[in-house]
Amino acid sequence: MLFRDKYFLKQLVSFFFILFISFSVVLLLTQIFWSFADMKRAGGFPWKDYIVNFYDNIQLIFPFITLLSAFFVFSEMEKFRQISILELKGISELQIFRTFLVFGFCVSIFAFLFGCFPPYPDSNRDVGKGDISITTPVLLLWAEQTNKENIFTNVVITFYEEGVKRTIQARKAEFFNDMIIFYDASVVNGTENKFSVLTLKTSFDPLILVRYTSINPERQSFFSLRRILKKVAAVGVVNKTDWIVLYSKISYPLLNLLVILLLLPFFYQRIFFSRIKIFVIGIIMMFFTYAFYAVGLSLGKIEMIPWQISPWISHIFLLVFCGMFVILKKKIV
């Protein structure tokens, strides 16, 4: 990497972490001021809630911080006429802009890794409350929960084995990763057979299947949610909304790269901006970016557009915007 690229990249990273720390402090202080009543009522400091809320909020504003950092560095470069000086040396705007894209890519990786280690407590449904009910084209499972995660009572499971429908009813069942052990069970397969203990080897993961009914997909890491969704898909459980959530765990961090494209027109129409104008421009641009992103997710969840592309609507908008600008720029030139 050239020295000038290292210099600009260092400036971008410095502004990013200054803004990151500043926003973090503001968010934490805001949470504290809003929660005085809760602290008094709870009789202590709800630090776990603060960590979770901070994590959610800071993840949300990552692209905004990235865009502001890029604008601040661009404004500083224009203030000291650094871009014009580099142009006199034969360095084009696109060569300079490439460093900003590298910065956006690095922040995207950082944001993705940041999202892979959620600090949430166990977000599963309370053990012992509610029933497990799963119905797919190849499997039907119903059970009552107990006070243990892998033990259930009054279990009924219907599945197909070699094209034959089988139903097992049991007073109690113990779930493992690759099998289920039934107690006081009866098997209905044309005739009814009773067993005090019956072990059923499964081609799917019963524990993952049960866990899927109680997780909050939003609070799972990308790799954890992907593993769960792939395993439950083996028995025909395909929830499009959950897959949209999974894809969003990639698409949202990637916005840190694509929002940099919003800066491209300013490289050709160079104007020095004050800090206040940068904040205003950044808020306006990110408002439309967030709006497209949220609309895309919503339209995908209600199946008005293909769910596979719904997390990428804002990305498509940004790429189209950049492409149209480049085409118009060439025509003018």
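What follows draws every value from the coordinates through simple rules; no lab data is involved. This is a predicted model, so every value here is computed, not measured. Positions of Cβ are backbone-derived with ideal geometry, glycine not excepted, and every protein chain shown enters the neighbour counts.
With a cut-off of 12 Å on the backbone N, the residues of segment 293-307 near the modelled label site 7 Å out from LYS240 along Cα-Cβ are 298-307.
When each of the peptides 92-105, 254-267, 62-75 is scored by how many other beta carbons lie within 10 Å of its residues on average, the order from highest to lowest is 62-75, 254-267, 92-105.
Residues in segment 268-278 carry Karplus couplings, in order, of 9, 10, 6, 9, 7, 10, 6, 4, 5, 5, 4 Hz; the curve used is 6.51 cos²θ - 1.76 cosθ + 1.60 with θ = phi - 60°, and Gly or Pro positions show x. Peptides 237-248, 197-208, 157-168, ordered by how many other C-beta atoms sit within 10 Å of their residues on average, highest first, read 237-248, 197-208, 157-168. Here the Karplus curve 6.51 cos²θ - 1.76 cosθ + 1.60, taken at θ = phi - 60°, turns the phi angles of segment 214-220 into couplings of 10, 7, 9, x, 4, 9, 9 Hz, with x standing for Gly and Pro. Taking a straight Cα-Cα cut-off under 20 Å and skipping sequence neighbours fewer than 8 places away in the same chain, the lysines within cross-link reach of LYS10 are LYS79.
Ignoring lysines fewer than eight residues from LYS249 along the same chain, the ones with Cα atoms less than 23 angstrom from its Cα are LYS48, LYS230, LYS231, LYS240, LYS301.
For LYS148, a cut-off of 19 angstrom between C-alpha atoms picks up these lysines, skipping any fewer than 8 places away in its own chain: LYS129, LYS172. PHE279 versus VAL188, label points 7 Å from Cα toward the beta carbon: distance in nm? Label-label distance for PHE279 and VAL188, simple model: 6.8 nm. Using C-alpha pairs below 8 Å separated by at least 6 residues, the relative contact order for the chain is 16 percent.
Rounded, prolate or oblate: pick one for the chain, where a ≥ b ≥ c are the square roots of the eigenvalues of its C-alpha gyration tensor, a/c under 1.5 means rounded, and failing that, prolate if a/b is larger than b/c, else oblate. Prolate shape, in that a/c is at least 1.5 and a/b is the bigger ratio. If R0 is 41 Å, the Cβ-Cβ spacing of ARG270 and SER24 corresponds to a FRET efficiency of close to 0.85.
In order along segment 163-176, the Karplus-derived 3J(HN,Hα) couplings, from 6.51 cos²θ - 1.76 cosθ + 1.60 at θ = phi - 60°, round to x, 9, 7, 10, 10, 10, 10, 8, 5, 8, 9, 10, 9, 10 Hz, and Gly and Pro are given as x.
Ranked by the mean number of other Cβ atoms within 10 Å of their residues, highest first, the peptides 108-119, 288-299 fall in the order 288-299, 108-119. Dipole magnitude for the chain: computed about the Cα centre from +1 point charges on Lys and Arg Cβ and -1 point charges on Asp and Glu Cβ, it is near 1080 debye.
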